[in-house]
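The values are calculated or read from the model by the stated rules, or taken from the named source; none is laboratory data. Everything quoted here is computed from the prediction, not taken from an experiment. As a convention, Cβ positions derive from the backbone with ideal geometry for all residues, glycine included, and neighbour counts pool all protein chains shown. All accessible areas refer to the heavy atoms of the entire protein, side chains included, with ligands and DNA or RNA removed. Shrake-Rupley method; radii C 1.70, N 1.55, O 1.52, S 1.80 Å.
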Amino acid sequence: MIAYKFLLADRIGPFTGFRWPVGEWVEAAGVDPCLRGVHACRIRDLPVWLGPELWERELAGDVTEQERKLVATRGRLTRRVDVWNERLAQEFGRFCAQRTRERVGYVPVLSGFVGDVERFVAQRRIPIAGFAAARAAELRDGRAAYVEERQVQAAWLAEQLGLGPGRAR
């Protein structure tokens with residue numbers, strides 16, 4: 001199964017500190033989400049896991065699907081998605097800010113979210129900008145609006161990154 005993984009610079013896992021080799025299979029002693037296993041995400045999960053480097057990852061063995069991630073007993077990095085860079089991250093942040101402005105900018109009790117998202121983008125805190133945009137949608141229109149906003153964000157990312165059919169959705 002082809003999936004994705006955001007890593008820190010030089011292929012470092014953000015939670016484990018593990019430096020991932022390219023093309024070599026890494027095995028985990030079982031799957032226990034958040035504790036043990038090779039973690040990755042589907043296209044729909046990308047906005048939740050943003051980071052400096054995006055890699056395509058092949059998963060094998062036992063694969064467990066969670067709400068916002070995949071966890072497998074085996075995985076390997078296959079290629080870096082080079083189009084994901086600081087420029088595209090900023091563009092994504094501006095996209096989130098625009099959507100927030102359009103959705104809640106005229107609602108007095110929620111309009112502060114517009115400034116928050118714009119400030120997060122200016123500070124290059126893009127993951128929290130995407131979250132805040134989705135949270136503003138939820139506060140205005142309910143839980144389903146949070147999910148919908150994350151789906152729109154994922155679709156925007158997939159289009160910009162050239163990800164699509166045949167990939168973990």
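Counting only Cβ charges, +1 for Lys and Arg and -1 for Asp and Glu, the dipole size of the chain around its Cα centre is about 140 debye. Round to a whole number: what % of the accessible area of the chain belongs to carbon and sulfur, probe 1.4 Å? Answer for the chain is 51 percent, counting heavy atoms of protein chains only.
Using a Förster distance of 30 Å, how high is the FRET efficiency between GLN98 and GLU27, based on the Cβ-Cβ distance and rounded to 0.05?
Efficiency, rounded to the nearest 0.05: 0.10.
Take every pair of alpha-carbon atoms less than 8 Å apart whose residues are at least six positions apart; their mean separation over the length of the chain yields a relative contact order of 23 percent. Residues of the chain were split at every exposed loop site, defined as chymotrypsin sites (Phe, Trp or Tyr not before Pro) in a DSSP loop with at most 16 other C-beta atoms within 10 angstrom, and the longest piece left, sites excluded, is 26-105.
Calculated accessible area for the chain comes out at 50 Å² per residue, all protein chains present (probe 1.4 Å; ligands, DNA, RNA ignored).
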